[in-house]
Amino acid sequence: AFSNMLAVLIVACPCALGLATPMFVMVGIGKGAKNGILIKNSEALEKLEKANILVVDKTGTITEGKPSVSQVVSTSDKFSENDILQIAASINKNSTHPLAQAMTDRAKQLSTQLLDVIEFENISGKGVKGKIHHMSALLGTQRLMEDQKITIPPALKQSIEVLQKKGNSVSVLAIDGEVAGLVAAFDALKKSSIEVIKRFKAVGVEVYMYTGDNQNTADIVAKEAGIVNVKGGLLPEDKLKGIKELQKTGKKVIMVGDGINDAPALTQADVGIAMGTGTDVAIQSAEITLIKGDLIGVHRAYKLSRAMLSNIKQNLLFAFLYNVIGIPIAAGLLYPSLGILMSPMIAAAAMSLSSVSVIVNSLR
């Protein structure tokens, strides 16, 4: 009886149960790191598999994030196209936005000297402003011009719409309260984006695009990428509000972004994923960071999450299987009919095998 008691105690020891979840979480985080997926919070891996909405930013997320200036237009007799580019690049030299980088890069290519800017101000989600010599310059979206009570001529609005429908992001430049010109930049879609979006749709995950860019450009890019649900012209607080509205309907949301404007939405989402090529603020706000800054990494993280939960369930099965079978035998269930008793040594082997099974299955 004493021997049987020892056998029961040994075979019932839940060592494998304690290993079942943390073992694969450790392996999963390591596997993610090898594939360029840095996971700050292991809980994010569990939440990923349950998500049914994927929200993506446009610039730098599904597009390359390296726009190039496609056209410069002057609408003033006082300024040439080179002047427009010079002023736009100068006021943007202190900005980290990809469109700002496109303008400064174009100015460098043309060996255009950048001018000194004072009283620089970044207007979140809309544009920038500052003073160059005696001039007050304002550069940004049409929404910014409306906010500052600057009138855009109807003919120029049509030109802007034509450029936007070709996939360009258009920045309007106003000097001393009057529109002086505009700069259009084109950002190509990442080749991987279309395929990844198809993969998410195939597993029942809806894809949304929330962008600060204008609706016309957003629609063009979304159509090319195969995204039906698209909202353009959003400020950071609009993206945050959009995520909250989706969550109110019971949806579990993955948010993918790379810019300062995405930070509030990344924090609010059930799982925030930042592109490693993006801003520090976005990376700090997210639970997962992709080193390569590609949507393929998002799908890999999703697959890793599904594999993790599947593996944990298998581990729990291994952890309980030996106990469920072994405890009744160790307690003498088979003794009255078959005369079989379990030795404490066999109980110890069974207990060890359950732990080994869990470890091997996790490492698999």
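The values are calculated or read from the model by the stated rules, or taken from the named source; none is laboratory data. In this text, all values refer to a predicted model and were calculated from it rather than measured experimentally. Every residue, glycine as well, gets a Cβ built from its backbone with ideal geometry; the counts of neighbours run over all protein chains shown. These accessible areas exclude ligands, DNA and RNA; they are computed on the full protein's heavy atoms, side chains included. Shrake-Rupley method; radii C 1.70, N 1.55, O 1.52, S 1.80 Å.
So who's got an amide H within less than 5 Å of the one on A180, skipping anything under 5 residues away but keeping other chains? H placed 1.01 Å off N, in plane.
Sorted by chain and number, the residues that satisfy this are L173, A174, I175.
Report the residues of the stretch 1-32 in range of a label on L363: point 7 Å along Cα→C-beta, backbone N strictly under 16 Å from it.
It comes to 19-20, 23-28, 30-31, nothing else.
Using alpha carbon coordinates only, what is the Rg to Rh ratio of the stretch 184-270, with Rh defined as the Kirkwood radius? Write down the numbers at each step before the final one.
Details: Rg = 12.9 Å, Rh = 13.6 Å.
Result for the stretch 184-270 is an Rg/Rh of 0.95.
Whole-Hz Karplus ³J(HN,Hα) for the stretch 261-268, in order, using 6.51 cos²θ - 1.76 cosθ + 1.60 and θ = phi - 60°, x for Gly and Pro?
5, 8, 4, x, 5, 4, 5, 6
Under the rule of -39500 (n - 2.57) per DSSP H run of 4 or more residues, summed and divided by the residues of the chain, what mean residue ellipticity at 222 nm is obtained, to the nearest 500 deg cm²/dmol?
It comes out at -16000 deg cm²/dmol, rounded to the nearest 500.
Can you flag which of K252/K303; K58/K126; K58/K93; K198/K313; K34/K292; K198/K303 are past 18 Å Cα-Cα? Intermediate results must be reported in sequence, preceding the final value.
On the way: K252/K303 16 Å; K58/K126 15 Å; K58/K93 22 Å; K198/K313 28 Å; K34/K292 12 Å; K198/K303 14 Å.
Correct reply: K58/K93; K198/K313.
For the pair T151 and K198, how long in nm is the line joining their label points, each one 7 Å along Cα→Cβ?
Reported label-point gap for T151 and K198 is 5.0 nm.
Can you figure out the FRET efficiency of C15 with K292, using R₀ = 45 Å and their beta-carbon distance, to the nearest 0.05?
Details: r = 39 Å, r/R0 = 0.86.
The calculated FRET efficiency here is 0.70.
Given the Cα-Cα distance of K251 and L316 and 0.36 nm per residue of separation, how much length would full extension add, in nm? List each step's numbers first, then the result.
Values: separation 65, 0.36 × 65 = 23.40 nm, distance 2.80 nm.
Between K251 and L316, full extension yields 20.6 nm more.
Using the heavy atoms of the protein chains alone and a 1.4 angstrom probe, what is the accessible area of the stretch 50-164 per residue in square angstrom? The partial results should precede the final answer.
Values: 5950 Å² over 115 residues.
Averaged over the residues of the stretch 50-164, the accessible area is 52 Å².
Rounded to a whole number of µm²/s, how large is the Stokes-Einstein D of the chain at 10 °C and 1.306 mPa s, given Rh as the Kirkwood radius over C-alpha pairs?
Working: Rh = 23.6 Å.
Answer from the Stokes-Einstein relation: 67 µm²/s.
Computing the accessible area with a 1.4 Å probe over protein heavy atoms, can you report the carbon and sulfur percentage for the stretch 135-197? Let's see the in-between values first.
On the way: 1430 of 2750 Å².
Result for the stretch 135-197: 52 percent of the exposed heavy-atom area is carbon or sulfur.
Which one, F186, G204, C15, projects farthest toward the positive side of the charge dipole computed for the chain from Cβ point charges (K/R +1, D/E -1)?
C15
Distance in nm between label sites at N82 and M26, each 7 Å beyond Cα in the beta-carbon direction?
6.6 nm
Give the peptides 228-237, 348-357, 72-81 in descending order of average Cβ contacts within 10 Å, highest first.
Details: 228-237: 16.6, 348-357: 18.5, 72-81: 14.9.
Taking the mean over residues of other Cβ atoms within 10 Å, the ranking is 348-357, 228-237, 72-81.
Can you compute 3J(HN,Hα) from phi for each residue in the stretch 116-132, using the Karplus curve 6.51 cos²θ - 1.76 cosθ + 1.60 with θ = phi - 60°, rounded to whole Hz and x for Gly and Pro?
Coupling constants for the stretch 116-132: 6, 10, 10, 6, 5, 9, 8, 9, 3, x, 10, x, 9, 8, x, 10, 10 Hz.
Tally Lys and Arg at +1 and Asp and Glu at -1 over the other residues with C-beta under 14 Å from the C-beta of H134: what net charge comes out? Mind dumping the intermediate values first?
Details: positive: K78, K131; negative: D116, E119, D176.
The answer is -1.
What does the accessible area per residue of the stretch 203-305 come to in Å², with a 1.4 Å probe and no ligands, DNA or RNA counted? Present the calculation step by step, with values, prior to reporting the outcome.
Details: 4090 Å² over 103 residues.
Accessible surface, normalised per residue, equals 40 Å².
Label S111 and S337 with points 7 Å out from Cα along Cα→Cβ: what is the distance between them in nm?
A separation of 9.6 nm, rounded to one decimal place.
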